[in-house]
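> Mind having a look at this structure? Questions to follow.
The values are calculated or read from the model by the stated rules, or taken from the named source; none is laboratory data. Remember, it's a predicted structure, so these values are computed and weren't measured experimentally. Quick reminder, even Gly has a Cβ in these numbers, built from the backbone with ideal geometry, and neighbours come from all protein chains shown.
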Amino acid sequence: MVLEKVWLWLGIVILLFGTSVVFAHESENEILELFVVPYHVQLNDGEIRKMSANAFYVDGTYVRDVQGVTWRSSDPESVSIAQNGTILAVKPGVVSIYASLNGFESAQPGTVIVGDSVVEELNIEIDNTDVTVGQTVNVKVTATFSDGETEDITGAVNWERVTNDDAFEVDGRQLTGLNEGYGYLIAHFDESKSESLRIDVNDSGYLGLMVNLEAKDASEYL
């Protein structure tokens with residue numbers, strides 16, 4: 001009889017609070033990355049488009065069109081965005097759209113181009129083109145448009161690696177050295193592409209040995 005009452009009360013608790021318990025569990029799950037979808041939009045003045053966000057959590061959960069997102073436009077005078085994710089093209093320009101959830105903001109924004117501006121140049125910027133195996137460096141792509149505007153479009157580009165040694169890999173805004181060798185990195189956006197950038201990857205152990213040998217040789221002349 002007592003056991004039946006326990007199960008009865010447990011059922012009532014789940015019925016009344018089950019939904020909020022699930023929400024609390026999800027809110028405690030740390031966000032690893034937040035993706036703005038679509039990542040590239042081109043509109044004319046007066047046009048609208050619905051944006052959404054996908055969340056990737058540390059436990060491996062991937063949620064599409066996640067709710068509760070706060071939206072931000074880098075230039076509301078060119079592209080405004082309502083908190084339901086609807087963007088409105090107001091005047092020509094290149095704008096980044098950011099999504100935030102539980103204090104976490106998307107590292108790679110969506111890019112919105114209003115008007116007939118076209119990309120004239122893509123430029124890869126990187127901390128260092130000489131990296132060691134296992135080292136990670138920051139990399140980004142800046143686009144120059146025909147109207148003179150420049151914009152960080154790293155989140156919207158497709159990366160191309162040209163390397164026979166599988167010397168490095170690129171994930172979003174980070175490049176990591178994998179194996180000793182070299183290769184070339186190219187960024188693609190729409191029908192434009194950047195100039196190829198040479199990346200050299202060296203083994204840190206070999207570099208340390210060379211430094212020690214050079215120091216030893218120099219000491220002979222002291």
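> Can you name the number of the only condition in (1) outside the structural domain of ARG72 (by TED's automatic domain parsing); (2) part of a strand (DSSP E or B) that GLY148 fails?
Checking GLY148 against (1) outside the structural domain of ARG72 (by TED's automatic domain parsing); (2) part of a strand (DSSP E or B), the one that fails is (2).
> Further, regarding this structure: Would you confirm whether or not the range 114-133 contains a residue that is buried (at least 20 other Cβ atoms within 10 Å of the Cβ) and farther than 19 Å from GLY172 by Cβ?
For the range 114-133, residues buried (at least 20 other Cβ atoms within 10 Å of the Cβ) and farther than 19 Å from GLY172 by Cβ: present.
> Answer yes or no: is there a residue in the range 135-150 that is out of contact with any Lys or Arg (no Cβ under 9 Å at 6 or more places or on another chain) and touching a residue at least 60 places away in the same chain (Cβ under 8 Å).
Yes, the range 135-150 contains at least one residue that is out of contact with any Lys or Arg (no Cβ under 9 Å at 6 or more places or on another chain) and touching a residue at least 60 places away in the same chain (Cβ under 8 Å).
> A further question follows. How many residues does the range 107-134 contain that are more than 25 Å from LYS50 (Cβ to Cβ), among the polar types (S, T, N, Q) and without any contact (Cβ under 8 Å) to a residue 40 or more places away in the chain?
Residues that pass the stated criteria total 1.
> Across the range 90-108, what is the number of residues that are assigned to a strand (DSSP E or B) and more than 18 Å from THR150 (Cα to Cα)?
Residues in the range 90-108 being assigned to a strand (DSSP E or B) and more than 18 Å from THR150 (Cα to Cα): 5 in total.
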